[in-house]
Amino acid sequence: MPTISCDPDAAADKLRAAGVSVESGNTDHERWRAERGAAVAVAYDDKVVVQGADPVDLTLLLEDGGGRAHVYFDGACRGNPGPAAVGWVIVTGDGIAAEGGQQIGEATNNQAEYAALLRAVEAARDLGIDEADIRGDSQLIVKQIRGEWETNDPALRERRVRVRELLTEFDRWSIAHVPREVNERADELANEAFDD
């Protein structure tokens, strides 16, 4: 259960700026509560405690970010289509700033790769990263995002548009294809999500 030492009023402002609804606390000791995805944040006098199945849904918004990061993503699929999961890692000059993995239900391999990229870019945005160097081992996805290849699949086209919209929120971004071994941690997280 992550605990973030911070000014609860400033933390509430950050959440509101990100479109998260902040409600009154349930007890006299709670200053406020907020929910996003599978996470709940509860503020006390000098800290915010985040709990739930996926606390990263809120911790990324509350922690100090900024600067430049390498953002790795990978989608995994057992069958094509079949059960799918995603993994992502954000690495700054200080090391791994955030990472995650989760199951996403039934998907094709390409849909899983796009879902992983979307989650990674959203996490980098929520962390406040200014410059994102995105890396993945799916040449198809990388070339489609860069505009080098088209997609005839309407669902993939829609995801590509959403990724490109999110990328406009960064001061600078790049995306490149890397070998699977360079993307090993994101791959591990996607595969670990199947076992959770």
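The values are calculated or read from the model by the stated rules, or taken from the named source; none is laboratory data. Treat the numbers as computed from the prediction; the structure is a model and nothing was measured. All Cβ positions, glycine included, derive from the backbone under ideal geometry; neighbour counts span all protein chains shown. These area figures cover heavy atoms from the full protein model, side chains too; ligands, DNA and RNA do not enter into them. Shrake-Rupley method; radii C 1.70, N 1.55, O 1.52, S 1.80 Å.
Listed residues Leu189, Leu166; which is crowded, with 16+ Cβ neighbours inside 10 Å, among the hydrophobic types (A, V, I, L, M, F, W, C), free of Cβ contacts under 8 Å to residues at least 60 places away in the same chain and not in a loop (DSSP other than H, G, I, E, B)? Give the derivation first.
Numbers: Leu189 fails: free of Cβ contacts under 8 Å to residues at least 60 places away in the same chain.
That would be Leu166, the only listed residue that is crowded, with 16+ Cβ neighbours inside 10 Å, among the hydrophobic types (A, V, I, L, M, F, W, C), free of Cβ contacts under 8 Å to residues at least 60 places away in the same chain and not in a loop (DSSP other than H, G, I, E, B).
Would you confirm, using the coordinates I've provided, whether Gly79 is within 16 Å of the chain's Cα centre (by Cα) and either modelled with pLDDT of 95 or more or open to solvent by 40 Å² or more (accessible area, probe 1.4 Å) (or both)?
So Gly79 fails the test.
Which ones in region 125-141 are surrounded by 21 or more Cβ atoms within 10 Å (Cβ to Cβ), in a helix (DSSP H, G or I) and modelled with pLDDT of 95 or more?
The answer is Ile141, and nothing else.
Looking at Glu30, Glu99 in this structure, which one is farther than 21 Å from Leu140 by Cβ and surrounded by 18 or more Cβ atoms within 10 Å (Cβ to Cβ)?
Answer to the check: Glu99.
Taking the condition within 30 Å of Leu140 (Cβ to Cβ) and among the charged types (D, E, K, R), does Arg16 pass?
No.
Looking only at region 33-68, which residues are open to solvent by less than 60 Å² (accessible area, probe 1.4 Å) and more than 21 Å from Cys6 (Cβ to Cβ)?
Ala38, the sole residue that qualifies.
Go through region 17-39 and report how many residues are more than 15 Å from Leu127 (Cα to Cα) and outside any strand (DSSP E or B).
10
Considering only region 165-196, state which residues are under 18 Å from Ile141 (Cα atoms), among the charged types (D, E, K, R) and in contact with a helix residue (DSSP H, G or I) (Cβ under 7 Å, 6 or more places away or on another chain).
Of everything in region 165-196, just one residue is under 18 Å from Ile141 (Cα atoms), among the charged types (D, E, K, R) and in contact with a helix residue (DSSP H, G or I) (Cβ under 7 Å, 6 or more places away or on another chain), namely Arg180.
I'm trying to understand the selection: among the residues of region 46-95, which are under 19 Å from Ile134 (Cα atoms), of a type outside the set (Gly, Ala, Ser), touching a helix residue (DSSP H, G or I) at 6+ places or on another chain (Cβ under 9 Å) and not in a helix (DSSP H, G or I)?
Val71, Tyr72, Phe73, Asp74, Val86, Trp88, Val89, Ile90, Val91
Taking region 102-122, which residues are surrounded by fewer than 24 Cβ atoms within 10 Å (Cβ to Cβ), within 26 Å of Val20 (Cα to Cα) and not β-branched (Val, Ile, Thr)?
Gln102, Gln103, Gly105, Ala115, Leu118, Arg119, Glu122
Examine region 145-153 for a residue that is within 10 Å of Phe73 (Cα to Cα) and crowded, with 18+ Cβ neighbours inside 10 Å, and state whether such a residue exists.
The answer is no, given that none of the residues of region 145-153 is within 10 Å of Phe73 (Cα to Cα) and crowded, with 18+ Cβ neighbours inside 10 Å.
From (1) modelled with pLDDT of 90 or more; (2) open to solvent by 80 Å² or more (accessible area, probe 1.4 Å); (3) within 14 Å of Leu62 (Cα to Cα), pick out the condition that doesn't hold for Val20.
(2)
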